[in-house]
Amino acid sequence: MTNEPEIDISSIDFSDLEKKYTVEDDGSYMNKFIIVDGAPIAPESKVPILTKVLKKLFSAVGELQDDSIHMPLEDGKTKGYLFIGYKTAEGANEAVKKLHGKKLDQQHRLLVNKFSDMDEYLTDFNDEFKEPATYKLPSTKVLDSWLLDEQARDQFSLEMGNIAGIYWYKHGFPPTPVVEPRVNWTELFTKFSPKGSYFLSVHKLGIHAWGGEDFKSIHKFYHPGVRLIDFSPDERYLVTLSPEPITLPAKNHPARASFPFKQEDVGNKLVIWDFQTGLPCRTFALPPDLEKEKKMTWPLVKWSYDSKYCARKGPGAIAVYEAPSFQLVNKKLLNAPGVAEFEWAPAGVRTETQKKGEEPEHLLAYWSPEQINLPAKVAVVQVPTNSIVRTVNLTNVTDCKLYWHDNGSYLCCKVDRHTRSKKTIFSYLEFFKVTKKDIPVIKLELKEAVTTFAWEPTSERFGIITTDDVQGTTPNKMNVSFYAPEISKGKVNTETVWRPFRTIGGKNSNAIVFSPKGRFVVAATLNAGSGDLDFYDLDFEGERNENDTKFKVKASFKQLAHHGYHGITHLQWEDSGRFVAGWSSVWKHTSDNGFKIYNFAGILQIEDQVEAFKKFSWRARPKSILTEEDKKKVEENLEQYSAQFEELDSMEADANLREIIMRRKKLLKEWKEYRDFVEAHLKELGLYEEEKKEDVEVIEEVREEILEEKEEIVD
Amino acid sequence: MRPILLKGHERPLSQVKFNRDGDLLFSVSKDSVASIWYSSNGERLGTLNGHSGAISAIDIDPTTTFAITGSADFSAKLWRVETGECIFTWNTVTPVRGVEFNKDASKVLVLTAEVMGHPGTISIYPVDFTKEEQSTEPLLVIKRQPELGVFTVAGWSYGDKYIIAGHNDGSISKIDAETGEFLETAKYHEGIVTDLQFSPDRTYFITSSKDQSAVLVDVLEFKLLKQYQAKAPVNSAVITPVKDYIILGGGQDAKDVTTTKSADGKFESKIFHKIFKDEIGRIKGHFGPINTIAIHPKGTGFASGGEDGYVRLHHFDQPYFDFQYDVEKTAAATNKASLQTAS
């Protein structure tokens, strides 16, 4: 090499060669080539076959250049990647679009990329690892921070006029706002989620979710015209309904890219959203029979206790979907001819036949009215097998309502039957003991129509309101009764028989609302102009209860309070069972709008009359995380705890009182100053008049009344 | 506090007023008759007959010799109280809405309604009780300013210096009683000003409004002193002497009453603490809205007249006078102590 003479490279003219071999690179040339990775590593002998296969595959999307497949070899084997040249750039583009990710066989998935992309993405590739910038979520603090309140206060929301606000409520103190009440927080109404994590405001364009310590914005759900909203019990899914069918923006509209709905959602009205991502999971059109309805039954989508399944009623069938895919369970509808209504068991059902450790069952019950040649029936269905585990046939049925016990142990089916003349209505209560084998049904016959039924959430007792006046229009014709299982031989009868232990007649009540913790219950007359509330204790600990039964039952009735509440429209217990709120909403009528809060014993705590008051809502609490033992411990040390809280309360009360006194002192001082100023002014004008001590003239009025006149003749 | 029910009117009451001594109560109603009652026992002394239309207002001179009434029959009449005879009639072009003597009853203001294209005015006439014939030539006619609403109520301030008027747009104005010049206006209400009554020394006044509130306003600086929320339209408001209270009367509008029960009408008199603005009591009883309230000049009782045609005459019980906030007690005690040391 050294012998060769030095040649100045720059002096050589390569132009002819350059011209010959130059690649016209305006970008279009390299665009015609693709790199295919993920191909099988094959011995040299198999190369022709592989080439043939790939040629067939890749030529399907565009015309290839002659002899265009180049497969590099190494040690007599292909390297698993190859280069293909198309005649046009479009061909290459098509290949990337259609064949990227194509499965050649079980083990091999082809990865197709454009050759030019390699330059674009790999030239400046930096090997050094750089930490990606983490996107900082707007801090809402912990969603359940309010539960950590040291004084264990409750929160509630108020809607009045165009203002909505959230307040702390503490026994014996006026409510204090959590955040400054917001004007136009909502355009329709607000709602707390079922565990109280979120506060939702409903607007014309959709739903806005708020949460955290200062109720900052969390999510927006775009659903124009939304009217009704509902949550799955675990807050994972949000269901919304709008009377306006979904439409998409125009194809090239910039909003289209960020639009939550797709082509297949067009025309649908019911949407299930994933709450966390804020994206729709599935949308539905309304069944045609519901389209005509003026008043929508809600919720349209009902959820199983654990939100694993949800179901919708259709004509003659129930559609049960599995979350999170929202595909039909078993890929088919649950056939339910003539179904009128259905309800999920609100808790997992542990049946006798189940083995230990097995997941409790998901049950739902539906009923269908009489059809030609078919009696009315109530059926209990097990999901996901969709097998009917129990049916009961009924005749002469006017209406039927399904009431699951909160712990899923019983299903009570209130059957309103009519006599042959259809003039009188009387009710049966059919109790399905769903935990027992073969689900025995116990029937309770009543001679009157039952208008309201309510289970006590913590026991097997229940309350009903009955009347023999079907329209419920005659005043004082309602009877409120409470039932408990009969105790025989010292324990609750296994063949449970319910006995009424107290009936209160001559009422107007139309609602029975149990405390979420049981024992206390309110019977109320709502939406009836002159409303009233009756507070009852079912486990009265005093000596003389007011039971009126000769049967032995585990109940001790006592009326605690009675309040008239003019115009009351709604009633809601606080989740801890400490307070109950009643309110009179402007949505129902315009007089005496406002709210009142009572404690569980029916003692009025606060009341406020508010112009255009719309809605009161306690913030829901999630289930307690305390174990039974923890709870017992708390109960044992209750005195100590309550002493601590009372001390805090009185300290705070003192502070409040001091503040009030200081304020009053200031006002009084200001007033005195004002008066002194005015009096000085009057004196200046010579108009001041000393307060004269006038002699009060006392007028004595003697009134004589003749009580009796008697004439006696004296001799 | 058992009220005496005065059943003498057949139509809704429009005004009740005590004379200066407080021994007589005057009431006027839409039935075109004015009644005079003994305030101690509710016995009727007599009536003033002569108007041919609803009477809207009445006032009595300080010596209770004469009374003036204003009526929708386009007149204001001067009466001799002792005999009940009408001694003079002023004829007006529109119905009379209000009448009030000045301090020494040498002048009277007559407020007329704005109807049939005639502007509402406040006219001040001279009165001379030595003669029967009175001048029909007003000393001053105050026309309403175009930017303000129609006059609804008016009265004389301390020293007869100003006339305070309320308007139907919720504003109030201070007018020079000599020149008729509008000195100040303020808008403390959102609805019609329904009543205007002064403190005993006429240095501040209370106005009530359909906007469900009442406000206490200072005459001199025309500033808002206090505001009271009644949660129902207020038709009448009064400042009590002796105790630092105010009494509001009202209730749902008469036109809406038929659609609601008496329980939601809030036909109550409400007593508020004047300085602390707390509501401290309610007096129920009327079965229609309360149109007018008057306080006994010695602060021993009050009368309310309702749309229901009844006047309820209340005499306060001892607890009314005894009630005191702790801060008031302390203030009174310190005041007393300082007076003693001074003397």
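Read the figures in this text as sums done on the coordinates, not as results from a lab. For clarity, every value in this text was computed on a predicted model and none was experimentally measured. A quick note on method: Cβ atoms are made from the backbone with ideal geometry, for glycine too, and the neighbour counts reach across all protein chains shown.
At-a-glance table
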{"quantity": "³J(HN,Hα) computed for each position of the range A:231-244 - Karplus, 6.51 cos²θ - 1.76 cosθ + 1.60, integer Hz, glycine/proline x", "calculated": "10, 6, x, 8, 6, 7, 10, 10, 10, 10, 10, 10, x, 8"}
{"quantity": "Cα long-axis angle, helix B:326-342 against chain B (0 to 90 degrees, to the nearest 10)", "calculated": "90"}
{"quantity": "Other protein chain Cβ atoms within 10 Å, averaged over every residue that makes up A:655-668", "calculated": "3"}
{"quantity": "Cross-link reach list, aspartates and glutamates versus B:Lys131, counting only Cα pairs under 17 Å and skipping chain neighbours closer than eight places", "calculated": "B:Asp61, B:Glu82, B:Glu85, B:Asp104"}
{"quantity": "Filter on B:Lys77/B:Lys187; B:Lys243/B:Lys270; B:Lys143/B:Lys187 - keep pairs with C-alpha separation over 24 Å", "calculated": "B:Lys77/B:Lys187"}
{"quantity": "P(r), alpha carbons of the range B:126-174 - 10 Å bins starting at zero, rounded %", "calculated": "22, 39, 29, 9, 0"}
{"quantity": "Proportion of all alpha-carbon pairs of the range A:13-121 beyond 25 Å (%)", "calculated": "25"}
{"quantity": "Unit charges at the beta carbon, dipole of the protein assembly as shown: most positive-side option, B:Leu313, B:Thr240, A:Phe261", "calculated": "A:Phe261"}
{"quantity": "Value of [θ]222 nm, deg cm²/dmol, for chain A, DSSP H segments ≥ 4, -39500 (n - 2.57) each, nearest 500", "calculated": "-4500 deg cm²/dmol"}
{"quantity": "Largest to smallest principal axis extent of the C-alpha atoms in the protein assembly as shown, angstrom", "calculated": "159, 103, 65"}
{"quantity": "Packing rank of A:699-709, A:222-232, where each peptide gets the mean count of other beta carbons within 10 Å, highest leading", "calculated": "A:222-232, A:699-709"}
{"quantity": "Over 22 Å (Cα to Cα) - which of A:Lys596/B:Lys266; B:Lys277/B:Lys329; A:Lys220/A:Lys294 fall in this group", "calculated": "A:Lys220/A:Lys294"}
{"quantity": "Largest-first principal axis extents, alpha carbons of the range B:4-342, Å", "calculated": "55, 43, 42"}
{"quantity": "Among the listed pairs A:Lys672/B:Lys174; A:Lys262/A:Lys292; A:Lys672/B:Lys284; A:Lys377/A:Lys422; A:Lys20/A:Lys114, those beyond 21 Å (Cα-Cα)", "calculated": "A:Lys672/B:Lys174; A:Lys262/A:Lys292; A:Lys672/B:Lys284; A:Lys20/A:Lys114"}
{"quantity": "11 Å beta-carbon shell around A:Lys269, net charge (K/R +1, D/E -1)", "calculated": "-2"}
